[in-house]
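Each remark here refers to the structure printed beneath this line.
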Amino acid sequence: MTPEDIVARVLFKDSLMLILNKPAGVPVHAGPGGGDNMEMYFDALRFGLPRLPNLAHRLDRDTSGCLILGRHSKALRKLGKLFQQGRVGKTYWAVVEGGPEGDAGTVTAPLRKLTPKRGWKMVVDAAEGQEAVTDWRVLGRSADGRRTWLECRPRTGRTHQIRVHCAHLGCPIVGDPVYGAAEAPADALHLHARAVTVPLYPTRDPITCEAPVPAHMRAALAACGFTGV
């Protein structure tokens, strides 16, 4: 990624907020091992302001799509309150292995972080987990029945929530190395933050923004009936 690349990924900009189309495979901030990350290029997103914008929320490294930044501290506080109150609408698209039996439903499965000797992951834990709720509906199925295109709308914002909830439904996301098949997946993670709706201004309509489908998901979505961009 270059500064020019990140500027080209701006989907929305006003005095308070930026919405970017995050690419898959790039973490939003530096991890313990360093390496390329989104925050490295935020200087290109000042657009005349003295300070760098900052993350209003997070997306996993391998998740693509709508990423919201606040342009200054006042904006970040406002966005933080909206996220805390659950007022930011988030729509994800996932291509999953197999598919659920019905056409729509809600997963209510509390999540807890499990830290074994090697790495960590989230697990469903009804006794000690934090509340996690995801609404889902089927948008299309492949002709051979092997894959399904899901729309997921999380009501809560737990780490890896959609990935764990899809696996909990019995249909893990294509390419998920943690919650999917035991063998190393051949595909990249097929999870995309398709749209966000942000009620940023009390006297205006909510701001809605949509991110185009990433290249690595187009073939799988097309097999499930998607014909758009």
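The values are calculated or read from the model by the stated rules, or taken from the named source; none is laboratory data. On a predicted model such as this, the values are computed, not experimentally measured, just so you know. Note that each Cβ is placed from the backbone with ideal geometry, even for glycine, and that neighbours are counted across all protein chains shown. In case anyone asks, the SASA skips ligands and DNA or RNA and just uses the protein heavy atoms, side chains included. Shrake-Rupley method; radii C 1.70, N 1.55, O 1.52, S 1.80 Å.
Please list, ordered by chain and number, the residues whose modelled amide H lies under 5 Å from the amide H of LEU200; skip anything fewer than 5 residues away on the same chain.
Sorted by chain and number, the residues that satisfy this are ILE207.
Measuring from centroid to centroid over Cα atoms, what is the spacing of the range 89-125 and the range 25-45 in Å?
First find each Cα centre; the distance between them is then 26 Å.
Write down, largest first, the equivalent ellipsoid semi-axes of the chain in whole Å, where each equals the square root of 5 times an eigenvalue of the alpha-carbon gyration tensor.
29, 20, 19
Report the FRET efficiency, 1/(1 + (r/R0)^6), for LEU114 and ASN54, where r is their Cβ-Cβ distance and R0 is 25 Å, rounded to 0.05.
Between LEU114 and ASN54 the formula returns 0.25.
Using amide H atoms built 1.01 Å from N in the peptide plane, name the residues 5+ places from GLY25, or on other chains, whose amide H lies under 5 Å from its own.
Placed amide hydrogens put ASP62, THR63 under 5 Å from GLY25.
Between MET1 and HIS29, what is 0.36 nm times their sequence separation minus the Cα-Cα distance? Round to one decimal in nm. Kindly include the intermediate steps, with their values, before the conclusion.
Working: separation 28, 0.36 × 28 = 10.08 nm, distance 1.36 nm.
In short, 8.7 nm is gained.
When only the heavy atoms of the protein chains count and the probe is 1.4 Å, how do GLU97, GLU4 rank by accessible area, highest first?
GLU4, GLU97
Taking a point 7 angstrom from the Cα of VAL124 along the C-beta vector, which residues in the range 58-96 have backbone N less than 18 Å away?
96
Ignoring ligands and nucleic acids, what accessible area does THR208 show with a 1.4 Å probe (Å², nearest 10)?
Approximately 100 Å² of THR208 is accessible to the 1.4 Å probe.
With helices defined as uninterrupted DSSP H runs, which ones in the chain have an alpha carbon span along their own long axis of at least 24 Å and mean Kyte-Doolittle hydropathy of at least -1.0? Intermediate values should be presented prior to the final figure.
Values: long enough: none.
Span-like helices in the chain: none at all.
Solvent-accessible area per residue for the range 75-132 at a 1.4 Å probe radius, Å²? Provide the component values of the computation, followed by the final result.
Numbers: 3650 Å² over 58 residues.
Per residue, the range 75-132 has an accessible area of 63 Å².
If I compute solvent accessible area with a 1.4 Å probe over the protein chains, what percent of it on the chain is carbon and sulfur?
50 percent
As a check on your grasp of the helix formula, calculate [θ] at 222 nm for the chain: sum -39500 (n - 2.57) over DSSP H runs of n ≥ 4, divide by the residue count, round to the nearest 500.
Details: 4 runs with 35 residues, N = 229.
Per the formula, -4500 deg cm²/dmol.
Pairs LYS13/LYS74; LYS13/LYS90; LYS22/LYS78; LYS13/LYS78; LYS81/LYS117; LYS13/LYS81: which exceed 24 Å Cα-Cα? All intermediate terms of the calculation are to be shown ahead of the outcome.
Values: LYS13/LYS74 16 Å; LYS13/LYS90 18 Å; LYS22/LYS78 22 Å; LYS13/LYS78 16 Å; LYS81/LYS117 35 Å; LYS13/LYS81 20 Å.
From LYS13/LYS74; LYS13/LYS90; LYS22/LYS78; LYS13/LYS78; LYS81/LYS117; LYS13/LYS81, over 24 Å: LYS81/LYS117.
With every protein chain left in place and a probe of 1.4 Å, what is the accessible surface of TYR41, to the nearest 10 Å²?
About 40 Å², ignoring ligands and nucleic acids.
What does the convex hull of the Cα atoms come to per residue for the range 51-179, in Å³?
That works out to 129 Å³ per residue.
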